[in-house]
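One structure is given here, and the rest of the page talks about it.
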Amino acid sequence: MENILKVENVCKNYGNFTALNNVSISVPKGSVFGLLGPNGAGKTSLIRIINQITLPDSGNIYLDGEKLLPKHVHQIGYLPEERGLYKSMKVGEQALYLAQLKGMSHAKAKKKLKYWFEKFEISDWWNKKIQELSKGMAQKVQFIVTVMHSPKLLIFDEPFSGFDPINANLIKDEILKLRDEGASIIFSTHRMESVEEMCEYIALINKSNKILDGKLSDIKTEFKENKFAVGLQCENSEGLYNEIKQKFSVEKSENYNDANLGITIKLPQNETSTNLIKFLNSKSQITHFTEIIPNANDIFLKAVANNE
Amino acid sequence: MNKLKLIIKREFLAKVKNKSFIILTLLSPVLMVGLIMLIVFLSQKNSEEIRTIAYIDESEILASVFQNTEHTKYINLTKLGIEEAKNKSSEFYYGLIYIPKPDSLEQLSKGITFFTQDSPSLSLIGGIENKLENKIRNLKLEQLNFDLEKLKSAETDVDFNTENFSGEKSSKIGGILKMATGGAFGYLIFMFIIIYGTSVMRSVIEEKTSRIIEVIVSSVKPFQLMLGKIFGNALAGVLQFIIWMISAGFLLFVVTAIFGPEATNMDSGGMQVAPEMMNQVQQSANSDLEFVLSEVKNLPIITMFFSFIIYFLGGYLIYSSIYAAIGAAVDSETDTQQFMMPVLMPLIIAIYVGFSVIENPHGPIAVSFSLFPLTSPIVMLMRIPFGVPWWQLLVSMLLLIVAFLGIVWFAAKIYRVGILMYGKKPSYKELYKWLKY
């Protein structure tokens, strides 16, 4: 798989403070890549380096196979977490200006903006000033400004903050559509459910170090603990529970109402579920058998806790 | 380069479209011309007033002094006696001069009293005293048997023709002219730096508080943005000054056409030049206009023009980049106070030194401050009309360029880090750390 972005051994220090320590990531083309980490981990520092807002102390960055150069800012679209627009400037004028700073010609920018404004049904905002718009409305304009120059790489830092659920969904769909059209997306957020929904790949940064990266599905496999949620139906559930307890490590779980016995069983790393099923089947009727796969939230918490 | 142009254009338009800018630009010339007219009007009113002063001359030899003049009428009340004359004068006249009967000519000058309602101006007292002194002196001289006619013919008046060693004529008028032009240039730069430097700072703070800054610097280099701001604001400033000059000139032309030339005796140049200086020039000009014109020609106009451009650019760029760095370092305008003082200090010192330059354009203070790059744009421009050795000019400009490069580099570093910092009020120590980021 080809990478749109390759970050190699990047270090960044601010005085005595280390913001990034030897961080490397690879973002595959055409994917949504989640850049995760607790507050102050160094995500924003890394994003700023990719955007060439700051320079790394050491390390290399490649965009689409080429060493990152100032001209590449035209191929990147960035929606920062700290974002805003000129309050007293008109929406259209402002969007045109920002498009031109991204290297578009005036005519082309105008055409493209028309397309986006019509798509979001906000054409009548063109001559309004930002200060006349609500925060959510301004965020829509901000999103358009980020994507209008059709960049190869899009970087969104908390893109859904400030949006109501309807507009958040609209933006989410637009981001996925952009991915389908060939753009690659780096997505930094604390909302794990949107990571689950959107990201194919993730990297986790904690305390200036990358502690985890790869395909989300692989990471989930890696993080599963051979745990199974089981629902059983039998005469003597208490007796069965004690019987199982002697052979496996078991926890009672409360939320299997339709079964006489709901339990979570953890198998040793080298054992498969086959023997467990056989054993359970001989003792009772299995109503429910699922492998517990960790979600992004669990992985995040666990990985960070392990790193402490 | 193209992006820099875009930024300059935006900054220029943002400034020019601003309502307060438009109002200030259009209203200032009207206010200025109005003020000039008011002053002219009031001073005319003042001089039209005619005073009537009564006098009692008991000595009976000084009455010939009190001849009516354009603004003063004298009335002899000797016959009424002192008490009655006082009553009458306090009711109808500006004042009463009482000359008692003296024992001798020696005593005559001692006992004279001037009664008035309010205290009279020094020039009025001086004028009357002068006349009395002359008369009494002449009387004394006559008493001592001097021939007044012969004395008069012996009076002499010395008036220097001043000329420097290379043969150029110089004069007091020329000195005033030099002072005025130098002062005007220096003051213009001072005002421009303060007004448009602050405007650069505000524009930086606005970008920080509206949080658009990170969006912008993901497209352009912070340094480009800073330069764009500085040039954009400067262009707006130049435009404003041009509009002021043209409209002030036009308004004065209209005023002259309506009220006649006396109304604009203050001259259109009065904007930057202190009015009293202008008056002096004006008075002298009336006496010998051609000579003044030749003095103007004698000024080092070409040197002044080019050095104005260089010092204007240098001074403005140095200070506005410092202003930009301050704007980047803080979160709001209220936090700028602690950094403003060190910036304003050299500017204010330069203006004060400028006054001493007028006294002594080649003294050690004038020379050293016209070499020091933070004050040279103002002080050197004030010195240039008096003639500055070429090596001083060269050293001063070199220092200015070196300082310009150094300070802009320094300011750009602080700016680059500062625009992305929120929430803390930085100390000088913090700023020093930023230099190494």
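None of the figures in this text is laboratory data; all of them are computed from the coordinates on show. What you are looking at is a predicted structure, and each value in this text was computed from that prediction instead of being measured. Positions of Cβ are backbone-derived with ideal geometry, glycine not excepted, and every protein chain shown enters the neighbour counts.
A few comments on the model shown:
- Relative to the 2.2 N^0.38 Å rule of thumb, segment B:1-105 has a C-alpha radius of gyration ratio of 2.38.
- Here is what passes the span test in chain B: the DSSP H helices with alpha carbon length of 24 Å or more along the helix axis and a Kyte-Doolittle mean of -0.5 or above are B:19-48, B:122-143, B:172-209, B:222-259, B:301-329, B:337-359, B:390-418.
- Partner lysines whose Cα lies under 26 Å from the Cα of B:LYS88, excluding those fewer than 8 positions away in the same chain, are identified as B:LYS73, B:LYS79, B:LYS101, B:LYS110, B:LYS131.
- Largest GNM mean-square fluctuation across B:GLU49, B:GLU214, B:GLU206, computed for chain B with C-alpha springs under 10 Å, falls on B:GLU49.
- Antiparallel bridges, percent of DSSP beta bridges restricted to chain B (to nearest 5): 35 percent
- Taking chain B as a Gaussian network of alpha-carbon nodes connected by springs under 10 Å, the highest mean-square fluctuation of the residues B:PHE41, B:PHE372, B:PHE12 belongs to B:PHE41.
- Max mean-square fluctuation residue, GNM over chain B, Cα-Cα springs under 10 Å, options B:PRO377, B:PRO120, B:PRO361: B:PRO120
- In a fully extended conformation the segment linking B:ILE23 and B:GLU70 would gain 12.4 nm over its present Cα-Cα distance, using 0.36 nm per residue.
- Sorted peptide list for B:84-92, A:139-147, criterion being average Cβ within 10 angstrom, highest first: A:139-147, B:84-92
- The fraction of all Cα pairs in the protein assembly as shown landing in successive 10 Å bins from 0 to the largest distance is 2, 10, 14, 15, 13, 11, 9, 7, 5, 5, 4, 2, 1, 1, 0, 0, given as whole percents.
- The mean number of partner chain beta-carbon atoms within 10 angstrom of a residue's beta-carbon across peptide A:82-91 is 5.
- Dividing the Cα radius of gyration of segment B:51-154 by 2.2 N^0.38 Å, with N the residue count, gives 1.14.
- Each peptide in A:69-80, B:310-321, B:338-349, B:421-432 gets a packing score, the mean of other Cβ atoms within 10 Å over its residues, and the list from highest to lowest is B:310-321, A:69-80, B:338-349, B:421-432.
- Scanning residues 5 or more positions from A:SER31 or on other chains, those with amide H under 5 Å from its amide H are A:ILE185, with H placed 1.01 Å from N in the peptide plane.
- Taking each of B:LYS5/B:LYS433; B:LYS221/B:LYS424; A:LYS172/A:LYS302; A:LYS128/B:LYS17 in turn, the alpha-carbon distance tops 21 angstrom for B:LYS5/B:LYS433; B:LYS221/B:LYS424; A:LYS172/A:LYS302.
- Estimated [θ] at 222 nm from DSSP helical runs (n ≥ 4, -39500 (n - 2.57)) normalised by residues in chain A, nearest 500: -11000 deg cm²/dmol
- FRET efficiency for A:GLU181 and A:ASP57, using Cβ-Cβ distance with R0 set to 30 Å, rounded to 0.05: 0.25
- Our note on the geometry: Cα centres of segment B:319-335 and segment B:70-149, 66 Å apart.
- Amide H contacts under 5 Å for A:LYS90, placed H, 5+ residues apart: none
- Note on B:204-216: average number of Cβ atoms from other chains within 10 Å of each residue's Cβ is 6.
- Share antiparallel - DSSP beta bridges, the protein assembly as shown, percent rounded to 5: 60 percent
- Chain B - mean residue ellipticity at 222 nm from DSSP helices (-39,500 (n - 2.57) per run, n ≥ 4, rounded to 500): -23000 deg cm²/dmol
- Inter-site label distance for A:CYS11 and B:LYS135 at 7 Å from Cα along Cβ, in nm: 10.0 nm
- Helix A:165-180 and the longest principal axis of the C-alpha atoms of chain A enclose an angle of approximately 80°.
- Couplings for segment B:155-160, taken from phi via the Karplus curve 6.51 cos²θ - 1.76 cosθ + 1.60 with θ = phi - 60°, read 5, 10, 10, 9, 10, 4 Hz in order; Gly and Pro are left as x.
- Look at the stretch A:95-107: the mean tally of other chain Cβ atoms within 10 Å of its residues' Cβ atoms is 3.
- Cut-off 12 Å between beta-carbons: net charge of the residues surrounding A:GLU197, Lys and Arg +1, Asp and Glu -1: -2
- The alpha carbon convex hull volume per residue for chain B rounds to 233 Å³.
- Measuring nothing but how far apart in sequence close Cα pairs (under 8 Å, 6+ apart) lie, relative to its length, chain B scores a relative contact order of 19 percent.
- Placing +1 on the Cβ of every Lys and Arg and -1 on the Cβ of every Asp and Glu, with nothing else charged, gives chain B a dipole about its Cα centre of roughly 3100 debye.
- DSSP bridge analysis restricted to segment B:51-154 gives an antiparallel fraction near 30%, rounded to the nearest 5.
- Translational diffusion coefficient (Stokes-Einstein; Kirkwood radius from C-alpha pairs) of segment A:225-292 at 20 °C, 1.002 mPa s, in µm²/s: 182 µm²/s
- Listed pairs B:LYS19/B:LYS208; A:LYS6/A:LYS215; B:LYS9/B:LYS229 exceeding 19 Å between Cα atoms: B:LYS19/B:LYS208
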